[in-house]
Amino acid sequence: MPALTVGSGGRVYPPPPQRRRRRAAPFIVAVIVAGALIVVLRTVVDGRDSTGGAAGGAGSAGAAVAQRRACGEDGTVLTVAASSEKAELLRAMANEYNGHEVGGHCVDVVVNTVASGAAMQALASGWDARRDGPRPDVWTPASAGWVTLLQQRAQAADRTSPAAADNPSIATSPLVIAVPKPMASALGWPSKKIGWSDVLKLAEDPKGWSRYGHPEWGPFRLGKTNPNFSTSGLNATVGAYFAATGLSGDLTDKDVASARARQFVRGVERSIVHYGDTTLTFLSNLQHADDEGTAMSYISAVTVEEKSVWDYNQGNPTGDPGTLGEHAKPKVPLVAVYPKEGTLLSDHPYAVLSWATGAKAAAAADFLKFLRAPERQRRFEKYAFRGFDGKPGSLITAANGLDPKEPATTLGVPAPQVLDRILKSWADLRKPANVLMVMDVSGSMGAAVPGTGKTKLELAKQAATGALPQFGPNDRVGLWLFSVKQDGDRDYRELVPMARNTRGKLRARIDGLVPGGGTGLYDTALASYDYVREHRSGDAINAVVFLTDGKNEDNASISLDRLLGRLKTEPGQDTVRIFTIAYGRDADLGVLKKISQTTDAAAYDSREPGSIDQVFTAVISNF
C-alpha cells in the first residue's frame with residue numbers, strides 16, 4: 001500500500017468562488033515528509049512510478065497533487081501528516097479549503113504523506129524535523145491502532161502522548177483478504193464463509209491448490225505487509241491472533257502468549273511471499289502479472305483495505321485519483337473476503353496534536369468539520385472509502401467484488417500493552433529471510449553530498465548499519481561489495497557469507513568500505529541472484545538488496561537482455577527477489593526497475609542521497 005507519494009500529473013484545483021483570497025501565491029509542489037518510510041518515489045514491477053512501485057502498468061507517477069497556498073505569509077498554516085492511501089485525496093480537498101477564514105485568520109492546509117508506522121515512531125521519539133520532516137499539527141494515520149501504539153510508547157518512556165486516545169474518524173475501510181476471483185470461487189466464495197482458519201489450512205497443505213483441483217496454481221502464497229510500518233499488516237496480524245483464540249474482543253497478554261495462538265500465527269506467516277512497507281508492492285506486481293496472463297501464479301491472496309480491492313479492479317492499484325483510468329481493468333479481478341472470524345476497521349482517525357493550540361487548533365477543528373461535511377464524505381465514497389460512520393457508499397457492491405453487508409463482526413483494537421505484545425511476538429513468528437546485501441563502492445560513491453558534510457558512500461554506510469537491527473536472529477544475512485575487478489576478473493567480492501547472527505561482522509565490514517573503480521552492475525546482479533538461489537531455503541524469503549549509484553560500466557559483462565533472461569523464472573516457480581535502490585541522480589533507474597520487475601520485487605528511488613536512511617529502512621521492511 002509506500003509508500004510513497006504519487007500524483008495526478010500536477011493537477012491544480014482552483015479556489016471556489018466564495019473563498020477569500022488575501023494574496024495571490026504561487027502554486028507549490030506538496031511538501032514530502034523526509035522521515036516517512038514511503039516518502040521516496042518507489043517503483044516496482046512494470047516500469048512506471050507509483051505508490052506501490054508500479055513502474056509502467058500500475059498507474060503513472062507524476063508529481064503529487066500541487067498544493068495550493070492561498071493566504072500568503074500572514075496566514076495560519078496547518079500541517080497534516082496523512083497515511084498514503086488517502087493523502088492525494090486530502091490534498092485535493094485541502095486545495096478546495098485553503099483560503100478559509102477561521103477566527104480572523106486565513107488558513108492554508110498542507111498535507112504531507114507519512115506512513116502510519118513511521119509517523120508513530122517519529123511522534124514517540126519527539127519528532128525531529130531534521131530527520132522526520134515538517135512537524136505536523138494534525139496526524140491522520142490509517143487506523144486508531146497506531147494511536148494506541150503511540151500511547152503505549154509514550155507511557156513506556158514516561159512521557160505524555162501528543163495524541164489523545166480517542167479521535168474522530170474522517171473515513172473508514174475494513175481490512176479484507178483480497179483473492180483473485182477464480183481462486184475465491186474454488187474456495188466456495190461467495191456462498192461459503194472464509195477466514196483465517198481456511199488460509200492456515202491451505203497454507204499448510206503440501207498439495208496447495210491441488211486440494212481444490214487446481215495444481216497449476218501451485219502452493220498458497222500470501223502477501224502481507226510489515227506490521228511495524230503498514231496498517232494492513234498490523235490489522236492482519238491482530239486479526240490472525242483473534243482468529244487463533246476464537247475471541248472477538250478483550251485479547252490479553254496471556255492469549256497472545258499461548259502456544260496455540262503462536263502456532264496459528266506462525267503457520268499463516270509461513271505462506272508469505274515477502275513483507276513490505278505498502279500493499280502497493282503486491283497489487284502492482286499482480287497487475288503486471290495480470291497483463292502477462294499469469295496473475296494467479298504470482299500470489300493467492302493479499303491483505304488490504306476494502307477500498308484497495310476497488311482501486312485494483314479499476315486498473316489503478318495506486319489508489320491515486322489522478323491516475324484512475326490510465327490502465328485497463330484487470331482480466332482477473334480481485335474479490336474481498338471478509339474474514340469469518342471478524343476483521344478490523346481502518347478508521348482513519350483525525351488526531352489534533354497537543355502542540356497545535358490557538359489559531360492552529362481552531363483551524364484543525366474547522367478543517368475536520370469540512371472533511372466530515374456531506375460533500376466531502378461523498379468524495380471519499382467516490383473512491384470506495386466508507387463514511388466516517390462506517391456506512392457503505394454506492395461503490396461497495398457485489399459487482400465490484402465487495403459486500404455492503406460485511407463485515408459481520410468488527411474487531412476492536414486491543415489494549416496498548418497487548419498490541420505491543422502482538423508486534424513483539426510477530427518479530428519471533430514471522431517468516432525468516434535469506435538476504436544478500438550488495439553495495440556499490442565505485443569511485444562515484446566518494447562524491448560529497450552537499451549540505452551533509454559526508455560522501456554518498458558514508459551516507460549509504462550509515463543507512464545500511466542503521467537498518468541492521470530490523471533483521472532477526474533467524475535471518476541469514478550476507479554482504480558483497482562491487483565495482484570492477486574486485487576479485488580477479490570478478491566485479492564483486494564477498495565480505496560476509498550469508499549466515500545467522502552476522503550483525504557485528506556486517507557492521508564492521510560496512511564501516512570499512514572505501515570507494516574506487518567503475519560500476520560492474522550486470523555481472524554482479526546475476527552473480528548475487530545465483531548465489532542466493534544456490535543457498536536458498538524453501539521456508540524463507542530469499543532476496544538480494546542491491547544498491548548502486550551508477551550505470552553498468554563493464555563493457556565485457558553480460559548484456560542487459562541476457563541478464564533479464566537469466567533472472568526470469570517460469571510462472572509459479574519460486575524466485576530470488578532483487579530489491580534495487582537507485583542511489584543518486586546518476587543511477588540507472590530504468591534498468592533497476594527492469595531487474596526488480598523481472599524478479600517480482602520492488603525498485604526504490606533514492607536519487608536524493610539524503611533520503612537513503614528512510615529508503616534502506618523501507619527496503620528491509622520486506623523481510
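Details
- Dipole moment magnitude, nearest 20 debye, the chain about Cα centre, only Lys, Arg, Asp, Glu C-beta charged: 660 debye
- Candidates S191, P473, P134 compared by Cα position along the dipole of the chain: farthest toward the positive end lies S191, with charges placed on Cβ.
- All aspartates and glutamates inside 17 Å of K391 as judged from Cα atoms, apart from same-chain residues fewer than 8 positions distant: E305, E306, D347, E375, E381, D403, E406
- Close Lys-Lys pairs in region 502-623, where close means Cα under 25 Å and separation is 8 or more or interchain: 5
- Signed unit charges on C-beta, dipole axis of the chain, positive-most listed residue L560, G223, A156: A156
- The phi-based Karplus calculation (6.51 cos²θ - 1.76 cosθ + 1.60; θ = phi - 60°) puts the 3J(HN,Hα) values of region 545-551 at 9, 10, 10, 8, 10, x, 10 Hz, whole numbers, x for Gly and Pro.
- Over the residues of the chain, the helix contribution to mean residue ellipticity at 222 nm works out to -10000 deg cm²/dmol, using -39500 (n - 2.57) for each DSSP H run of at least 4.
- Gain on full stretching of the segment that runs from R562 to R130 - 0.36 nm per residue minus C-alpha separation: 151.2 nm
- Set of aspartates and glutamates near K431 by C-alpha distance (under 20 Å), chain-local residues within fewer than 8 positions excluded: D198, E204, D205, E269, D277, D420, D475, E534, D539, D574, D600
- When each of the peptides 68-75, 142-149, 96-103 is scored by how many other beta carbons lie within 10 Å of its residues on average, the order from highest to lowest is 142-149, 96-103, 68-75.
- Value of relative contact order over region 432-620, rounded to a whole percent, pairs C-alpha under 8 Å and six or more apart: 25 percent
- Burial order of peptide ranges 509-520, 426-437 (average beta-carbon count within 10 Å, highest first): 426-437, 509-520
- A DSSP coil position with no more than 14 other Cβ atoms inside 10 Å describes the following GluC sites (Glu not before Pro) in region 227-320: E292.
- Entries of K224/K461; K307/K369; K331/K369; K254/K307; K254/K382 with Cα pairs more than 31 Å apart: K331/K369; K254/K307; K254/K382
- Theoretical FRET efficiency, 1/(1+(r/R0)^6), r = Cβ-Cβ of A186 and T409, R0 30 Å, to 0.05: 0.80
- By average C-beta atoms within 10 angstrom, highest first, the peptides 320-333, 488-501: 320-333, 488-501
- Region 455-528 shape via C-alpha gyration tensor axes, a/c threshold 1.5: oblate
- Magnitude of the charge dipole for region 395-540, about its Cα centre and with charges confined to Cβ atoms of Lys, Arg (+1) and Asp, Glu (-1), is about 420 debye.
- Alpha-carbon Debye profile of region 432-620, log10 I(q)/I(0) at 0.10, 0.13, 0.14, 0.17 Å⁻¹: -0.35, -0.60, -0.70, -1.08
- Rounded to the nearest 20 debye, the dipole magnitude of region 104-210 is 340 debye, with +1 charges on Lys and Arg beta carbons, -1 on Asp and Glu beta carbons, and the Cα centre as origin.
- Label selected from [x] 1.00; [y] 0.96; [z] 1.05, the criterion being Rg/Rh (Cα atoms, Kirkwood Rh) as computed here: [y]
- Vicinal HN-Hα couplings computed from phi for region 193-202 (Karplus, 6.51 cos²θ - 1.76 cosθ + 1.60; Hz; Gly/Pro x): 6, 10, x, 5, 5, 5, 4, 4, 4, 5
- In Hz, Karplus ³J(HN,Hα) per residue of region 391-396 (6.51, -1.76, 1.60; θ = phi - 60°; x = Gly, Pro): 6, x, x, 6, 8, 7
Read the figures in this text as sums done on the coordinates, not as results from a lab. Quick caveat, the model's predicted, so the values are computed rather than measured. Glycine also receives a Cβ, built like all others from the backbone with ideal geometry; neighbour counts cover every protein chain displayed.
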